[in-house]
Amino acid sequence: MAVRPASRIYGSISRCSLRPSTNLARPFSTSRVVLASTQTPTGDRPTHFGYETVTESEKQQRVAGVFTSVAESYDKMNDLMSLGVHRLWKDHFVSSLNPGATTPIGQPQTILDVAGGTGDIAFRMQQHAQSYNSNPNVKIIVSDINPDMLAVGRQRSLALPATHQANLSFLEANAEVLPPKIEDNSLDLYTVSFGIRNFSNIPAALREAHRVLKPGGVFACLEFSKVDKYPLFNAFYKQWSFGAIPLIGQLVAGDRDSYQYLVESIERFPSQENFRDMIVDAGFEVAGKGYEDLTGGIAAIHRGIKPL
Amino acid sequence: MACPTSARAALRASIRPLQTVAASPSTSTSSSLYRRHYHSYDHPPPPGPFGATESAILAAAYKHVPEHGFTQTALTHGARDAGLPDISPSVLTNGPFTLIKYHLITQRQALAERSRQLFERDDAPAGVGGKVAALTWERLLANKDIIHRWQEALAVMAQPSYVPESIKELAALSDEIWFLAGDTAVDPSWYTKRATLSMVYTTTELFMTNDHSPDYVETGKFLTRRLDEVKSVGGALGNIGQWVGFTANAGINILRSKGVRI
C-alpha cells in the first residue's frame with residue numbers, strides 16, 4: 001500500500017526529533033487532505049499527544065499518521081499486546097449491550113460505532129443481533145476519521161454473510177463534528193471502543209454523542225483505564241506496557257513510535273471516575289457507579305443514558 | 001453497614017421516625033459517594049444507589065418480574081413502560097442482577113416504614129428478640145409476589161462475580177433488622193448477632209421458595225424453630241462459657257492454696 005513508505009518517513013523523523021513539527025512531509029498520505037476539510041472549531045487549542053503537548057488539529061493529523069501506519073498490522077498487534085484478551089473484552093462489551101434485543105422481536109435499531117474502522121465491534125454487534133436476538137433490522141454505521149482503517153474494515157466485511165453486510169455502512173467522519181447525515185435524536189446506541197483516547201477534544205465528542213442519541217439512547221465506551229486499585233498488578237502492567245509493547249511494535253509492525261504513542265496515550269487518559277464525570281457533564285446519566293472494570297481496570301466500560 | 005460505635009451515637013440521639021427512601025431521589029452520581037456507614041436519626045438518608053432514569057426502568061421492570069422473572073425480558077418490558085427505547089436497559093452494568101439488587105434494596109429500605117407501623121400497635125412484640133423475629137417475618141413476606149422466581153434469582157446471585165455484592169446486601173439487611181429492633185450492643189455480640197440472623201434469614205428464605213402452604217404458615221414455623229435454636233444454642237454456649245470460666249478460676253485458686261505461685 002502507498003501509505004507504508006509515508007509512515008516510515010514519519011516514523012524516522014519523529015524518532016530523531018520528538019518535538020512536534022507541523023510541516024512534517026507526508027506526501028503519500030491521504031488523511032491530511034481529508035482532515036483539512038473537517039477542521040474542528042477548537043483546532044488551535046493545546047491538547048496531549050502522548051506525553052507531548054500539541055494543538056488539537058495537529059493531534060488529529062498525528063493520530064491519523066499513527067493509525068495509517070498501524071492499520072494493516074492492527075489486529076496482529078492487538079493480539080500480541082493484550083495476549084488475546086482484547087477479544088474477550090470486546091465480546092463482553094457487545095453481549096452486555098445486547099444490541100437487537102427488542103419486544104416484540106425484530107424492531108429496528110440504529111447503532112453508530114465510532115472509531116470502529118476495522119469493524120471489530122460492529123461485526124460482533126451484527127452477529128449478536130442476528131444470531132442471538134434474531135433481529136435482522138439492526139443498522140450499524142461504522143464511522144472512523146481514518147480512511148485507511150475504514151478500508152481495512154470494508155475489506156474484512158466482504159467475508160461476512162450477505163445479511164450482515166446489508167446492515168453495515170461505512171462513514172468517514174470526525175466524531176467531534178458528525179456530518180448532518182446523522183441527525184439529532186436518531187440513534188439507539190453509540191459505541192466507541194479503544195478510540196476516544198485519541199480524540200483531540202473528548203468533551204466535544206461526548207456532546208456530539210449526546211446530540212445524536214435518542215432520549216433513552218445509550219452511550220457505551222470501551223477504553224483502556226487505570227489499574228490503581230491493585231498496586232502490585234499495576235507495577236507489572238506498567239512494566240509490560242512501557243517495556244514490552246513498544247518493542248513488540250518495533251519487531252512485528254516495524255513501527256516503535258506509534259506504539260510508544262499508544263502506551264503514553266493510555267497513561268494520559270483520565271481515570272474511571274474522572275471519565276465518568278466527563279460523561280455526566282455532557283448531559284448523560286449513569287447507572288450505579290457508571291463504569292465496569294475489565295481485567296482489574298486495564299480496560300473499563302463506561303455507559304451513559306440520555307435522559308428523557 | 002453500621003459499626004458498633006454508631007449504635008452508641010444512636011442511643012444519645014433523640015428518637016425520630018426514619019424516612020423511607022424506597023423511591024429514592026434522583027442523582028446520577030456514584031452510589032459510593034453517598035454511602036453512609038452508620039445509621040443516623042439526625043440526618044436524612046443518603047439518596048439511593050439508583051439514578052433517576054435507572055430507577056424508572058427498574059421500577060417499571062420490577063412489575064414484570066412475577067411474569068418474566070429477573071431477566072432481560074422484564075427489563076425490556078420495563079423500559080417500554082417507562083417510555084424508553086428497548087436499548088435503554090443496556091446502560092445497566094449487570095442487567096438482571098441490577099434488577100435483583102433493586103428488589104433487595106427497596107425491600108430493605110421499606111422495612112423502616114413497616115417497623116414503625118408494626119411497633120406503634122398495642123400488640124407490638126416486646127423485647128429486641130420479638131422485634132427481630134417480627135421484622136424478619138415482614139421481610140420474608142415482602143418476597144411473596146416474586147417467590148416463584150426467587151430460585152432463579154438466587155442462582156444469579158451465586159455467580160462468583162456477584163457473590164460479594166450479594167453478601168454485602170445480606171449483611172446490610174441483618175444490620176437493618178437489628179438496628180430497627182432497637183439493638184444497641186457494642187460488644188463482640190454485634191458480630192455474632194448479625195452472622196446468626198443472616199444464616200437464619202437465608203435458610204428460611206430458601207425454605208420459603210418451596211413452601212406451598214397457605215400464607216406461608218410452614219415458613220413461619222420454620223423461622224420460629226430456627227430462631228429458638230439460635231436462642232438455645234446461644235444460651236448453651238453461654239452456659240458452657242460460664243462453666244469453663246468458673247472451673248478454671250476454681251482450679252487456679254486450688255493450685256494457689258497449695259502454694260503454687262500463679
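The values are calculated or read from the model by the stated rules, or taken from the named source; none is laboratory data. On a predicted model such as this, the values are computed, not experimentally measured, just so you know. Glycine gets a Cβ as well: all are built from the backbone with ideal geometry, and neighbour counts include every protein chain shown. In case anyone asks, the SASA skips ligands and DNA or RNA and just uses the protein heavy atoms, side chains included. Shrake-Rupley method; radii C 1.70, N 1.55, O 1.52, S 1.80 Å.
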Original post:
What dipole magnitude, in Debye to the nearest 20, does the range A:43-98 give about its Cα centre under +1 on Lys/Arg Cβ and -1 on Asp/Glu Cβ?
Top reply: 120
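I'd like the mean, over residues of A:280-291, of how many other protein chain beta carbons sit within 10 Å of each residue's own Cβ.
Across A:280-291, the average partner-chain Cβ count within 10 Å equals 6.
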**OP:** Starting from the Cα of residue B:231, draw a straight line to each of the lysines and keep only those under 18 Å, dropping any in the same chain fewer than 8 residues away.
**Re:** B:131, B:193, B:221
Original post:
Using a Förster distance of 25 Å, how high is the FRET efficiency between residue B:206 and residue B:123, based on the Cβ-Cβ distance and rounded to 0.05?
Top reply: 0.25
Original post:
Label residue A:131 and residue A:165 with points 7 Å out from Cα along Cα→Cβ: what is the distance between them in nm?
Top reply: 1.9
Original post:
How many nm is it between the label spots at residue A:281 and residue A:105, if each spot is 7 Å from the Cα in line with the beta carbon?
Top reply: 4.5
**OP:** Could you pull out the GluC sites (Glu not before Pro) across the range A:103-200 that fall in loop regions by DSSP (anything but H, G, I, E, B) with no more than 16 other Cβ atoms inside 10 Å?
**Re:** A:183
Original post:
Counting DSSP beta bridges in chain A, what percent are antiparallel, to the nearest 5?
Top reply: 45
**OP:** Output the Kirkwood hydrodynamic radius of the range A:135-270, Cα pairs only, in Å rounded to one decimal.
**Re:** 17.3
Original post:
If you take the beta carbon distance between residue B:199 and residue A:183 as r and set R0 to 56 Å, what does 1/(1 + (r/R0)^6) give as a FRET efficiency, to the nearest 0.05?
Top reply: 0.45
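Share of antiparallel DSSP beta bridges in the protein assembly as shown, in percent to the nearest 5?
On the way: 17 of 38 bridges.
Antiparallel: roughly 45 percent of the beta bridges in the protein assembly as shown.
Can you give the helix-only mean residue ellipticity at 222 nm for chain B, where every DSSP H stretch with n ≥ 4 adds -39500 (n - 2.57) and the sum goes over all residues, rounded to the nearest 500 deg cm²/dmol?
-20500 deg cm²/dmol
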Original post:
Where the only charges are on Cβ atoms (+1 Lys, Arg; -1 Asp, Glu), what is the dipole of the protein assembly as shown about its Cα centre, to the nearest 20 debye?
Top reply: 1300
**OP:** Please list the non-local residues whose amide H lies under 5 Å from the amide H of residue A:170, H modeled 1.01 Å from N, same-chain partners needing a gap of 5 or more.
**Re:** A:142
**OP:** Could you list, in their original order, any pairs among B:63/B:168; A:76/A:214; A:139/B:144; A:226/B:168 whose Cα atoms are separated by more than 31 Å?
**Re:** A:76/A:214; A:139/B:144
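What accessible area per residue comes out for chain B, rounded to a whole number of Å², with a 1.4 Å probe?
Working: 13710 Å² over 262 residues.
Solvent-accessible surface per residue comes out at 52 Å².
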Subject >> chain A pair-distance distribution - Cα-Cα, 20 Å bins, rounded % >> reply: 33, 61, 6, 0
**OP:** Using a 10 Å cut-off on Cβ to Cβ distances, tally the other chain neighbours for every residue of B:80-86 and report the average as a whole number.
**Re:** 6
Original post:
What total accessible area, in Å², is buried where chains B and A meet, using a 1.4 Å probe and rounding to the nearest 100?
Top reply: 2100
**OP:** First select every other residue whose beta carbon is under 10 angstrom from the beta carbon of residue B:178; then total the charges, Lys and Arg +1, Asp and Glu -1.
**Re:** 0
**OP:** Find the relative contact order for chain A and round it to a whole percent, using C-alpha pairs within less than 8 Å whose residues are 6+ positions apart.
**Re:** 17
Original post:
If you wrap a convex hull around the Cα atoms of the range B:44-134, how much volume per residue is inside, in Å³?
Top reply: 132
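Return the calculated 222 nm mean residue ellipticity for chain A, to the nearest 500 deg cm²/dmol, obtained by summing -39500 (n - 2.57) across DSSP H runs with n ≥ 4 and dividing by the residue count.
Working: 13 runs with 129 residues, N = 308.
Theoretical 222 nm ellipticity from helices: -12500 deg cm²/dmol.
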Subject >> Accessible surface of the protein assembly as shown, 1.4 Å probe, proportion on carbon and sulfur as whole % >> reply: 60
Original post:
Rounded to the nearest 0.05, what FRET efficiency do residue A:251 and residue A:158 have when you use their Cβ-Cβ distance and R0 = 35 Å?
Top reply: 0.70
Original post:
Where Lys and Arg each count +1 and Asp and Glu each count -1, what net charge lies around residue A:55 among other residues with Cβ under 13 Å from its Cβ?
Top reply: -1
Original post:
Taking the Cα centre of the range B:64-180 as the origin, how large is its charge dipole in debye, to the nearest 20, when only Lys and Arg (+1) and Asp and Glu (-1) carry charge on their Cβ atoms?
Top reply: 100
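Kindly rank B:215-222, A:58-65 from highest to lowest mean number of other beta carbons found within 10 Å of each residue.
A:58-65, B:215-222
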Original post:
To the nearest µm²/s, what D does Stokes-Einstein give for the range A:114-198 at 20 °C and 1.002 mPa s, using the Kirkwood radius over alpha carbon pairs as Rh?
Top reply: 163
Subject >> Most positive-pole-ward Cα, A:105, A:146, A:68, against dipole of chain A from beta carbon charges >> reply: A:68
